[in-house]
Amino acid sequence: MFELIFFSLLNGIVTGLLLFMLASGLTLIFSMMGVLNFAHASFYMLGAYFAYTISEYVGFWPGLIIAPVLVGVLGALIERYGLRYVHRWGHVAELIFTFGLAFLIEEVVSFIWGKETKAYQEPEILQFALFTFFGQDFPAYKAFMIFISIAICIALLLVLTRTRIGLIIQAAISHPNMTAMLGHNVPFVFMGVFGVGCALAGLAGVIAGPALTTFPGMAVVLGSIVFVIVVVGGLGSLGGAFVASLIIGLMQTFAISLDYSVSDILSVLNITPDSEGALRDLWTLSLPQVAPILPYLLLVLILIFRPTGLFGKRES
């Protein structure tokens, strides 16, 4: 049992930190521009496919650097020549634009790379077990994912709080007109933040591709979860996104690992369910079966009891 808890904890942290890397970009974009980018997970998918293609020619490590940069540049161009013009028509137009962009990117990926799963592998140098505990191996690549995610988290925090660029970004968020009067190009700052947010999603795709497989539907798998994280953590709150990512990562990992049914849980509480009643099928449900809906259940509860999210200040 201790072995199960230990590895579920590690895998939950890996999943949570990966989700944070994806959600942090969306949080930055929302806090800066007030835009909920429905195509954000599509940039995550592009990062994986760009890195796969680059790795075919020059290996994994150049792809780790080049792919997020390409995704970031693409995102910045989309903001400059698409989203900026749509912005004048309000948030509904922005949502429709990014929603359509998500479908467009998915179709382009299917057209260029096909619909089959790609053999995007982790680098050979990380294809070993970092340690063995109770006869079960923990892959070195998962430890690498943890390291990259924590490094990105620390870098974001330092840039936003300790650098001049971070001060300009925070000023442009709260007082854009005053920031522009001080000589800063606020639209350029917006474009840069949108590009960096997309690059973070692309980086998440680069490191997740070998672990979670690279296929055209990978954006759909995590796309909705990212919005759950942003809302649960609080719209615009980077710290909230971090906490919500870890909560959801651990919640899903433990739910999948612990093979208990509803009736097992009720028996611990000395409750005997009616096996012949109308709800008899409900008692047979197991935690792995309900694991996919747990984040959305958490979302509903948060919206009922704390609509601004765990750390949010803005009404959602």
Within region 103-139, count every residue that is in contact (Cβ under 8 Å) with a residue 12 or more places away in the chain, of a type in the set (Asp, Glu) and not in a helix (DSSP H, G or I). 2
The conditions are (1) in a helix (DSSP H, G or I); (2) within 26 Å of GLY312 (Cβ to Cβ); (3) β-branched (Val, Ile, Thr), and VAL35 fails exactly one of them. Which is it? (1)
Those residues of region 91-102 that are closer than 19 Å to VAL186 by Cβ and either without any contact (Cβ under 8 Å) to a residue 12 or more places away in the chain or of a type in the set (Gly, Ala, Ser) (or both) come to a total of 0
On the basis of being part of a helix (DSSP H, G or I), crowded, with 24+ Cβ neighbours inside 10 Å and in contact with a strand residue (DSSP E or B) (Cβ under 6 Å, 6 or more places away or on another chain), does ALA67 make the cut? no
Residue in region 4-28 that is surrounded by the most Cβ atoms within 10 Å (Cβ to Cβ), counting only those that are under 14 Å from GLY205 (Cβ atoms) and not hydrophobic (A, V, I, L, M, F, W, C): GLY25
Check on GLU106, buried (at least 16 other Cβ atoms within 10 Å of the Cβ) and either farther than 27 Å from GLY239 by Cβ or modelled with pLDDT under 90 (or both): yes
Filter pass, ASP274 being in contact with a strand residue (DSSP E or B) (Cβ under 8 Å, 6 or more places away or on another chain) and either modelled with pLDDT of 80 or more or not in a helix (DSSP H, G or I) (or both): no
May I ask you to say which residue of TYR85, TYR44 is in a helix (DSSP H, G or I) and without any contact (Cβ under 8 Å) to a residue 24 or more places away in the chain? TYR85
Qualifying residue in region 239-251 (condition: polar (S, T, N, Q) and not in a helix (DSSP H, G or I)): no
Pairs please, first residue from region 152-167 and on the phi < 0 side of the Ramachandran plot, second anywhere and surrounded by 15 or more Cβ atoms within 10 Å (Cβ to Cβ) and among the polar types (S, T, N, Q), Cβ atoms under 6 Å, 6+ apart in sequence or on different chains. none
Residues to consider are VAL268, VAL206; find the one that is farther than 23 Å from LEU310 by Cα and either in contact with a strand residue (DSSP E or B) (Cβ under 6 Å, 6 or more places away or on another chain) or modelled with pLDDT under 90 (or both). VAL268
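The values are calculated or read from the model by the stated rules, or taken from the named source; none is laboratory data. Remember, it's a predicted structure, so these values are computed and weren't measured experimentally. All Cβ positions, glycine included, derive from the backbone under ideal geometry; neighbour counts span all protein chains shown.
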